[in-house]
Amino acid sequence: MAASIFDKMAEKIEFWRSDMSAFVKEHGEHKVADVTISQVMGGLRGVNALWCDTSVVPKEQGLIIRGIPMQDLTDLNGVQAFYLLLTGELPTDEEYHEFSTALKIRKFVPYYVWEILKAMPKDSHPMTMLSTAVLSMQKESNFAHHYESGIHKSEYWRYTLEDALNIVAKLPSIAAAIYRLRYNKGELVQPDPDMRLSEDFVHMLGIDAPQNEFLSLIRLFLVAHSDHEGGNVSSFTSAVVNSALSDLYYSMSAGFNGLAGPLHGLANQEALKWLLDVMKKFNGTPTKEQIEIEVNETLAAGHVIPGYGHAVLRVVDPRFTAFYNFGKLHFPEDTVFKTVVHTFEVVPEILKKIPKIQNPWPNVDAVTGSLLYHYGLKEFSYYTVMFALSRSMGLAAQAVMNRAIGMPIVRPKSVPTSWFKSQVIK
Ligand code: CMX
């Protein structure tokens, strides 16, 4: 029989802890970053000040999860991705079966969550509903209960992992219910105890699309958005909140609130909205010349081109490429997807000419909406919920790691303008 995820993590964590503490003991005083005033006033871009082992995002390469580049992960499903994020390894067949079962038995959602979601205003943003649903379950936190009973800090990771499995297992039902409630799609669909996360999510959404193809897209969606190192808004926010020993319900809800921003996870809805507006204006798939006019108008109005640019990447996002290839394979003639293709051919050349823009290339959000739209998931204010469903795995894995190695409360020093001035004007 395969070791349970708890036994597997206990073994890994013993090694990670001793490796990290020996390293910090020996090299703790080694300097790894210099920070300029521009960096402080510029969102701390490029400052190597956070630890994260679940994934890295080299600026010329893009997402690498636990040492495996995104391009080599496109055949994974959500359960495998979550296992990889947590343990640093892909599961064997036996481990997969054990882990998948551990998630299946946790998928049923407390009844009060449905009551809360149903009571929310009909025009609530789906991300507000998701964040509220997660927060409403905080009273279920294993970590919070055990913390109150006085567990030793070396065991914090164990109860954070318990919370992680519980939340990740329940989110497909919650996310699917938000879709059905928010957009009047009829009765909620009950989870199927035998189905894996992505399968069950597709089943509960109840979208009338070719199920195998749509399922492949959802699987890719779950893997591609699952993690993007530790400094992005959702991961960093969640880690800061979790560092106060607020449990994962609090910290995941907080991370989702950050994901809901248009410069972060909401960019997928903004990108599709932009594409559809252009199509409406030009009565169908616009020509490259028409897209050029629209891009220039958007920039002149002081808006960003959603889905383009990135705080870290300096190449085409490999996640964009994975979804783009999906569209090329399954429906190259789809009118919205063709608009994505034309936009990709036009936007980078325009953005390259604007010196302040560091990265003219598309990120993942430039394309995903068009694929969901093709399969009939047309309510684009819902797209960030799917991003969150996937990102929950990275937020959870990072929290388990942080508790495992005993990361302290995050508390950088802030200083006023006068202090910065005093450093240069002597
Ligand atoms: N369109 C127009 N202007 C852009 C731009 C774009 N796509 N990308 C960057 N810029 C502008 C910035 O707004 C900034 O202008 P100001 O100095 O006037 O404020 C300037 O170029 C420099 O920005 P940068 O250093 O290249 O990029 P940042 O690290 O500051 O910001 C990001 C990164 C993603 C917020 C930005 O590229 C952007 O707003 N893109 C559009 C929104 C988007 O697609 N977000 C999703 C990112 C992926 C994710 O996190 O999910």
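The values are calculated or read from the model by the stated rules, or taken from the named source; none is laboratory data. The structure displayed is predicted, hence computed values, not measured ones. Because the Cβ atoms are built from the backbone with ideal geometry, glycine has one as well, and the counts that use them run over all protein chains shown. Calculation scope for accessible area: heavy atoms of the full protein, side chains included, ligands and nucleic acids excluded. Shrake-Rupley method; radii C 1.70, N 1.55, O 1.52, S 1.80 Å.
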Hits for the chain under the membrane-span-like helix rule (DSSP H, Cα axial span at least 20 Å, Kyte-Doolittle mean at least -1.0) are 5-27, 156-182, 267-281, 335-352, 383-404
Could you please put Trp51, Trp16 in sequence from largest to smallest accessible area, using a 1.4 Å probe? Trp51, Trp16
Residues other than Cys52 with Cβ under 10 Å of its Cβ, Lys/Arg counted +1 and Asp/Glu -1, net out at -3
Expressed as a whole number of Å, what is the distance separating the alpha-carbon centroids of region 233-301 and region 18-49? 29
When you count, for each residue, the other Cβ atoms within 10 Å and take the mean per peptide, how do 402-412, 387-397, 289-299 rank with the highest first? 387-397, 289-299, 402-412
What accessible area, in Å² to the nearest ten, does a 1.4 Å probe give for Ile425? 120
Could you tell me what percent of the accessible area of the chain is made up of carbon and sulfur, with a 1.4 Å probe and every protein chain present? 55
Accessible area, probe 1.4 Å, largest first, for residues Phe331, Phe236, Phe6: Phe236, Phe6, Phe331
Of all alpha-carbon pairs in region 22-148, indicate the percentage at a distance above 18 angstrom. 75
Taking the Cα centre of the chain as origin, sum charge times position over the Cβ atoms of Lys and Arg (+1) and Asp and Glu (-1), and report the length of that vector in debye to the nearest 20. 1420
State the percent of C-alpha pairs, over all pairs in region 89-174, separated by a distance greater than 19 angstrom. 51
Dipole size in debye (nearest 20) for region 121-171 around its Cα centre, Lys and Arg Cβ +1, Asp and Glu Cβ -1? 60
If you count only protein heavy atoms with a 1.4 Å probe, what accessible area per residue comes out for region 81-126, rounded to a whole Å²? 50
Ordering Leu272, Leu329 from largest to smallest accessible area (1.4 angstrom probe), what's the sequence? Leu329, Leu272
Just tell me which lysines come within less than 29 Å, Cα to Cα, of Lys352; anything on the same chain fewer than 8 places away is out. Lys59, Lys273, Lys280, Lys281, Lys288, Lys328, Lys338
Starting from the Cα-Cα distance between Trp114 and Ala49, subtract it from 0.36 nm times their residue separation and give me the gain in nm to one decimal. 19.4 nm
Against the globular-protein guess of 2.2 N^0.38 Å, express the Cα radius of gyration of the chain as a ratio, rounded to two decimals. 1.00
Rg and Dmax in Å for region 184-342, alpha carbons only: what are they? 18.5, 53
Loop-located trypsin sites (Lys or Arg not before Pro) in region 256-337, at most 15 other Cβ atoms within 10 Å (DSSP): Arg314
In region 135-206, what GluC sites (Glu not before Pro) fall in a loop by DSSP, with at most 10 other Cβ atoms inside 10 Å? Glu187
Quick one: Cα centre-to-centre distance for region 103-152 and region 372-408, in angstrom? 15
Over all distinct Cα pairs, what is the inverse of the mean 1/r for region 143-205, reported as the Kirkwood hydrodynamic radius in Å? 13.5
Roughly speaking, what is the centre-to-centre gap between region 324-362 and region 161-191 when only Cα atoms are used, to the nearest Å? 32
Sorted by mean Cβ packing within 10 Å, highest first, what order do the peptides 165-171, 249-255 take? 249-255, 165-171
